[in-house]
Amino acid sequence: MIEMQEVMKKYPNGVTAINGINVQIDQGEFVYVVGPSGAGKSTFIKMMYREEVPTSGVILVNGVNIARLKMKKVPLFRRNIGVVFQDYKLLPMLTVYENVAFALEVIEENPKYIKKRVMEVLDLVNLKHKARMMPTELSGGEQQRVSIARSIVNSPKVVIADEPTGNLDPETSWEIMNIFEEINTRGTTVVMATHNREIVNTNKHRVIAIESGKIVRDEQRGDYGYEG
Amino acid sequence: MNQERLYVMSSEVITVMKVRTLGRHARESFKSISRNGWMTFASVGAVTVTLILVGVFFVIMMNLNKVAQTIEEDVEIRVHIDVAANKADQQKLQNQIEQIPEVKSVKFSSKEQELKNLIKSLGDEGKTFKLFEQDNPLNDVFIVKTKKPTDTVFVANQIEKMNYAYKVKYGKGQVEKLFKFIGASRNVGLALIVGLLLTAVFLISNTIKITIVARRREIRIMKLVGATNSFIRWPFFLEGLWLGILGAILPIILVSTAYYYAYDYLEPKLKGNFMQLIPFEPFIYQVSGLLVLMGAIIGVWGSLMSVRKFLRV
């Protein structure tokens, strides 16, 4: 599903964020990406949905090398991937419903289908009753649930989350985590970068630890394994 | 396999732009125009000012051209035939002139005819010249017209060298100056118009850039959920288009009104000098069409210029 071969990323300012990564993630897996700040987690995650392009190496997603993907084909590629951010990235001028529908409008889906599908995912994240509210009227956890709804509304095969619980209190983080578990049991691959030790150690999944741009540990049902 | 299917499906999505989607883009563009308030006003103002100037210049240029054309058409070479020439010599001279490739026509005008013309053109005072009807001091004349007015000097010089061409007259000096003036004013006008257009494009692109900066987050999110560049570009494209077209309205009204009165005022005065302005009716529609088109081009160009940069996410 996702495969990286000898991937290296050097930024123009000379910083080498990723230094020779080989990894394979299969369909239906749940993967935590852990590591200290500045270790290259974010770059690793961003390369998966092609916000960053590796300096060298191959990144295969569904058999296509996205490291060599033409600019024109990037949008089509991204439609198969859901992305969730730490800061939610919702559009403040749009309602909850509109924010989720946006992802389908952009790919010019049929309006009838959009309506049905958006209510479906809002139900999944338990926000059906707040569909008409504005993001600013919601709590952080609720906003993140909207963001997750948006990421899965076009039924992607993989959802990539960059510290989705980073801004949330422990209880809310669990709510979010449960949604990801739910998505995963429905067959969607989930890749999640996180600093949340409790979650990683409780809901056991594969753990990939990154330090100084390299994978230092890759365990099925692993532990968080860091202090702090 | 999966990937292939995706591309086939998606290319259909891209090539067949649905009416519904166009509607969405139009709505977005109107929203943005009203949301931007003062900036919209400023850029429409910029287009308005530019197009007023362009319109005025254009109308003046076209009329100068028209006047120049009539003057150019009036330019003729008058070849005075030597009194010593007999019929055969005259015929020979005419043949020689006709053989110059740049010559369009050669017309013979007898000295009697010339005297009549002279008397007529001088009006009452001309009557004194009637005395000369007995002993006409004028020459027979060939009136030569060239295919292109600018060939006048060249042709005249050639005729001068021929036998029995006693004098060749074409308003030496004035003709050259006139052509120079017309040529220069055309270039200056063109340069001014181009300069103004570029300024307006710059202003529009700045306005739209502000729209875009305000919506950068939105664009980024759109890109992350898989919007194509053209999908993102459309609303901005339309916004530019509306700004340009809105900016053309006032100039059209002003220029047509001004031309209507200017034509009424100037036309009778110029008629006496054998000059003509371009009639109001079809001309002003052409000018209006041109202004709308230019507004649209300026707007679209400006908007696309500023969007380009923000799409590389």
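The values are calculated or read from the model by the stated rules, or taken from the named source; none is laboratory data. These figures come from a predicted structure and were not determined experimentally. Methodologically, a virtual Cβ is constructed for each residue, glycine included, from the backbone with ideal geometry; neighbour enumeration extends over all protein chains shown.
Do we have A:Tyr11 as aromatic (Phe, Trp, Tyr), more than 19 Å from A:Ser155 (Cβ to Cβ), surrounded by fewer than 15 Cβ atoms within 10 Å (Cβ to Cβ) and away from chain B (no Cβ under 11 Å) here? Step through it out loud before you land on a result.
Working: aromatic (Phe, Trp, Tyr): yes; more than 19 Å from A:Ser155 (Cβ to Cβ): yes; surrounded by fewer than 15 Cβ atoms within 10 Å (Cβ to Cβ): yes; away from chain B (no Cβ under 11 Å): yes.
Yes, satisfied.
Mind checking whether some residue in the range A:32-47 is on the phi > 0 side of the Ramachandran plot, within 14 Å of chain B (Cβ to nearest Cβ) and in contact (Cβ under 8 Å) with a residue 12 or more places away in the chain? Looking through the range A:32-47, none of the residues is on the phi > 0 side of the Ramachandran plot, within 14 Å of chain B (Cβ to nearest Cβ) and in contact (Cβ under 8 Å) with a residue 12 or more places away in the chain.
Taking the residues in the range B:215-232 that are assigned to a helix (DSSP H, G or I) and more than 8 Å from chain A (Cβ to nearest Cβ) as candidates, determine which candidate is nearest to the chain's Cα centre (by Cα). Among residues in the range B:215-232 that are assigned to a helix (DSSP H, G or I) and more than 8 Å from chain A (Cβ to nearest Cβ), the one nearest to the chain's Cα centre (by Cα) is B:Ser230. Check the range A:99-117 and report whether any residue there is in contact with a Pro (Cβ under 6 Å, 6 or more places away or on another chain), surrounded by fewer than 23 Cβ atoms within 10 Å (Cβ to Cβ), closer than 21 Å to A:Phe180 by Cβ and within 14 Å of chain B (Cβ to nearest Cβ). The answer is no, given that none of the residues of the range A:99-117 is in contact with a Pro (Cβ under 6 Å, 6 or more places away or on another chain), surrounded by fewer than 23 Cβ atoms within 10 Å (Cβ to Cβ), closer than 21 Å to A:Phe180 by Cβ and within 14 Å of chain B (Cβ to nearest Cβ). Any residue that is surrounded by fewer than 17 Cβ atoms within 10 Å (Cβ to Cβ) and among the basic types (Lys, Arg) - is there at least one of those in the range A:133-149? No - not one qualifying residue is present in the range A:133-149.
Scanning the range A:178-228 for residues that are hydroxyl-bearing (Ser, Thr, Tyr) and touching a residue at least 12 places away in the same chain (Cβ under 8 Å) gives A:Thr188, A:Thr189, A:Thr194, A:Ser212, A:Tyr224, A:Tyr226. Going through (1) within 30 Å of B:Leu178 (Cα to Cα); (2) not in a helix (DSSP H, G or I) one by one, B:Val83 falls short only on (1).
Report yes if some residue within the range B:265-272 is at pLDDT 85 or above and assigned to a helix (DSSP H, G or I); otherwise report no. Yes, the range B:265-272 contains at least one residue that is at pLDDT 85 or above and assigned to a helix (DSSP H, G or I). For the residues A:Asp26, A:Asp87, the requirement of being within 14 Å of chain B (Cβ to nearest Cβ) and in contact (Cβ under 8 Å) with a residue 24 or more places away in the chain singles out A:Asp87. Checked against the criterion of being within 14 Å of chain A (Cβ to nearest Cβ) and either farther than 30 Å from B:Thr150 by Cβ or at pLDDT below 80 (or both), the candidates B:Val13, B:Val49, B:Val67 yield just one match: B:Val13. Here A:Val118, A:Val64, A:Val74 are screened, and the one residue that is modelled with pLDDT of 95 or more and not charged (D, E, K, R) is A:Val118. Residues that are of a type in the set (Asp, Glu) and not in a loop (DSSP other than H, G, I, E, B) within the range A:149-166 comprise just one, A:Asp162. On the stretch given as the range A:51-79, residues that are surrounded by fewer than 20 Cβ atoms within 10 Å (Cβ to Cβ) and among the basic types (Lys, Arg) total 4.
Among B:Leu224, B:Leu243, which is the only one that is more than 30 Å from A:Val83 (Cα to Cα) and either surrounded by 18 or more Cβ atoms within 10 Å (Cβ to Cβ) or among the hydroxyl-bearing types (Ser, Thr, Tyr) (or both)? Spell out the reasoning first.
Details: B:Leu224 fails: more than 30 Å from A:Val83 (Cα to Cα).
Every option except B:Leu243 fails the conditions.
Within the range B:187-194, is even one residue away from every other protein chain (no Cβ under 14 Å), among the small types (Gly, Ala, Ser) and surrounded by fewer than 16 Cβ atoms within 10 Å (Cβ to Cβ)? Yes, the range B:187-194 contains a residue that is away from every other protein chain (no Cβ under 14 Å), among the small types (Gly, Ala, Ser) and surrounded by fewer than 16 Cβ atoms within 10 Å (Cβ to Cβ).
For the range A:60-84, taking the residues that are among the small types (Gly, Ala, Ser) and in contact (Cβ under 8 Å) with a residue 40 or more places away in the chain, the one that is nearest to the other protein chains (Cβ to nearest Cβ) is identified as A:Gly82.
Inside the range B:99-118, can you point out the residues that are over 13 Å from B:Ile77 (Cα atoms) and surrounded by 13 or more Cβ atoms within 10 Å (Cβ to Cβ)?
In the first step, residues of the range B:99-118 are kept if they are over 13 Å from B:Ile77 (Cα atoms); the result is B:99-101, B:110-118.
Those that are over 13 Å from B:Ile77 (Cα atoms) and surrounded by 13 or more Cβ atoms within 10 Å (Cβ to Cβ): B:Ile100, B:Ser110, B:Lys111, B:Gln113, B:Glu114, B:Leu115, B:Lys116, B:Asn117, B:Leu118.
Has the range B:77-91 got any residue that is of a type in the set (Val, Ile, Thr) and touching a Leu at 6+ places or on another chain (Cβ under 8 Å)? Give the steps one after another, and end with the answer.
Taking the range B:77-91 and keeping what is of a type in the set (Val, Ile, Thr), we get B:77, B:79, B:81, B:83.
Next, only the ones that are touching a Leu at 6+ places or on another chain (Cβ under 8 Å) stay: B:79, B:81.
Yes: one or more hits.
For A:Ser37, indicate whether it is hydroxyl-bearing (Ser, Thr, Tyr), exposed (fewer than 15 other Cβ atoms within 10 Å of the Cβ) and over 19 Å from the mean Cα position of the chain (by Cα). Answer is no for this residue.
Selection of first residues in the range B:134-158 that are of a type in the set (S, T, N, Q) and of second residues that are modelled with pLDDT under 80 and part of a loop (DSSP other than H, G, I, E, B), restricted to Cβ pairs under 6 Å at least 6 apart or on distinct chains, gives the following pairs, ordered by first then second residue: B:Thr152/B:Val75; B:Thr152/B:Tyr170.
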